[in-house]
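The values are calculated or read from the model by the stated rules, or taken from the named source; none is laboratory data. Bear in mind the structure is a predicted one, so any value in this text is a computation, not a measurement. With ideal geometry, Cβ positions are generated from the backbone for all residues, glycine too; neighbour counts draw on all protein chains shown.
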Amino acid sequence: MLAHKRKELIKEMVDKYRTVRVSDLSERFQTSDVTIRRDLKELEEAGLLKRTHGGAIKITNTAFDPALLDLETTQVVEKLQVAREAYKHIHDNDAIMIDPSSTVAYLPVLLKNGDKKNITLVTNSFRAVMELVDCPHVEVIHIGGQLRHKLQSSVGPIAEASLRGLKVDKAFVGCNGVDFRNGYTTTNLYEGQIKQLMMASATQSYMLADSSKFNQTFIGVIAPISGVDYLITDAGVDQDSITQAEAAGVHLIVAGQPQEEN
């Protein structure tokens, strides 16, 4: 295959999957890791992607604010893996908070079909409410506030005031970017404030982020990298990120790997 055609296909894969690995690309195109790294270097120099340790990620604007439908159709398998891992950390009689992020959105479905008993769920997600409207073993509290159409959620001063008056056992929130210098970030400042308050209202906080979110930064800062109790991701996370998490003292949980009971 000609080099320009290979690079064109690599760019298409990065745009579609947001993240790619050198090993996967070399296998796909039946060429060496050295050749793929050279391709990625040239694509980065052209401003078409950003290289990472072991691969590359899609370049995103810090102010880009995707709709829920767009988020739901990317990294679907990985997000479900992360949500299933998070579900293991919910126990009978827990009071939890969840935000409307596309990874956390799997938790209401898992709770509805699972065996957890006497769960109280606080949320700003209208979709979570509708998912659990006929679920007798989950008591749902919606915090109210101003409708945010893109994520079908509520934000603003009413929502924030509600959160300040509540305390729960655990908060499960998502983010758009995980960066070991800039922390956890999101595309919307109002959602970022809600996420901050949810974590402040919880005894334990969980950040749910599939591996495509690493090495990315967006406009709204949620917390510094050590500002959550647990960071849950999928098995696609690169070794460099794992090493940085350990150095930063982050309690990183990789879905599918054995973990101590918390």
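See the values below:
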item	result
Residue list for the stretch 205-262, filter: over 28 Å from SER23 (Cβ atoms) and either assigned by TED's automatic domain parsing to the domain that holds ARG51 or among the polar types (S, T, N, Q) (or both)	SER205, SER226, ASN262
Count of the stretch 228-252 residues which are assigned to a strand (DSSP E or B) and surrounded by 20 or more Cβ atoms within 10 Å (Cβ to Cβ)	4
Count of residues meeting criterion [touching a residue at least 60 places away in the same chain (Cβ under 8 Å) and among the hydroxyl-bearing types (Ser, Thr, Tyr)] in the stretch 186-214	5
Tally of residues being over 28 Å from the mean Cα position of the chain (by Cα), more than 26 Å from GLY177 (Cβ to Cβ) and acidic (Asp, Glu) across the stretch 9-57	1
Near pairs, Cβ below 8 angstrom, 6+ apart or cross-chain, from the stretch 31-52 (assigned by TED's automatic domain parsing to the domain that holds SER241 and surrounded by fewer than 14 Cβ atoms within 10 Å (Cβ to Cβ)) to any residue that is among the β-branched types (Val, Ile, Thr) and modelled with pLDDT of 90 or more	none
Strands (runs of 3 or more DSSP E) lying entirely in the stretch 104-171 (those with 1 or more residues that are crowded, with 16+ Cβ neighbours inside 10 Å, aliphatic (A, V, I, L, M) and touching a residue at least 24 places away in the same chain (Cβ under 8 Å))	119-123, 138-142, 153-155
Scope the stretch 186-226; condition part of a loop (DSSP other than H, G, I, E, B) and not hydroxyl-bearing (Ser, Thr, Tyr); matching residues	ASN188, ALA209, ASP210, ASN215, GLN216, PHE218, ILE219, PRO224, ILE225
